[in-house]
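For reference, the structure is listed below as structure tokens.
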Amino acid sequence: MNIRTTIISDEVPLDEDGFHWRAKGKKGVIYYVENGRLIPIYAKVPSDTTQFDILVFGKPDHLQHWEFPEKEKIAQEKSLEIHQKLAKWLKARRWRHDFCD
């Protein structure tokens, strides 16, 4: 399934900037939307630990490309900004996570 099909099936609001969680069983995607561009950040709800509520795949160095509408490199400063926003978003939901603040 390509990213465009996934966005449509997950009903990601491309006109609403910010993070959007879409669960698929124990796995899910945190979509970050900004000005119609999107980065999927993959995650899962762990069943083998009580230490975390969510495990986020991809550390800050993985936030390097917008995936939609075109694959486009993200500047390092922007990547760090997104990383910080994600850490705040996870904290606001009181999700214990493995994503470094």
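How far is the Cα center of the range 76-93 from the Cα center of the range 20-47, in Å? One Cα centre to the other: 14 Å. Spin-label model, K85 to E16: label points 7 Å out along the Cα-to-beta-carbon direction sit 1.5 nm apart. Ranking of S9, S79 by neighbouring Cβ atoms within 10 Å, starting from the fewest: S9, S79. In a simple Cβ point-charge model (Lys, Arg +1; Asp, Glu -1; nothing else charged), the range 3-92 has a dipole of about 320 debye relative to its Cα centre. Over 21 Å apart at the Cα level, from the set K27/K73; K44/K85; K44/K78; K27/K78, are K27/K73; K44/K78; K27/K78.
Here the residues W21, W66, ranked from fewest to most Cβ neighbours within 10 Å of their Cβ, fall in the order W21, W66.
Here the simple spin-label model places points 7 Å from the Cα toward Cβ, and for K44 and K24 these points are separated by 1.3 nm.
Subtracting the Cα-Cα distance of K73 and I3 from their residue separation scaled by 0.36 nm leaves 23.6 nm.
Just so you know, all these numbers are worked out from the coordinates, no wet-lab data involved. Worth saying up front: this structure is predicted, and the values here are computed from it rather than measured. Cβ coordinates were reconstructed from backbone atoms using ideal geometry, including for glycine residues, and neighbour counts include every protein chain displayed.
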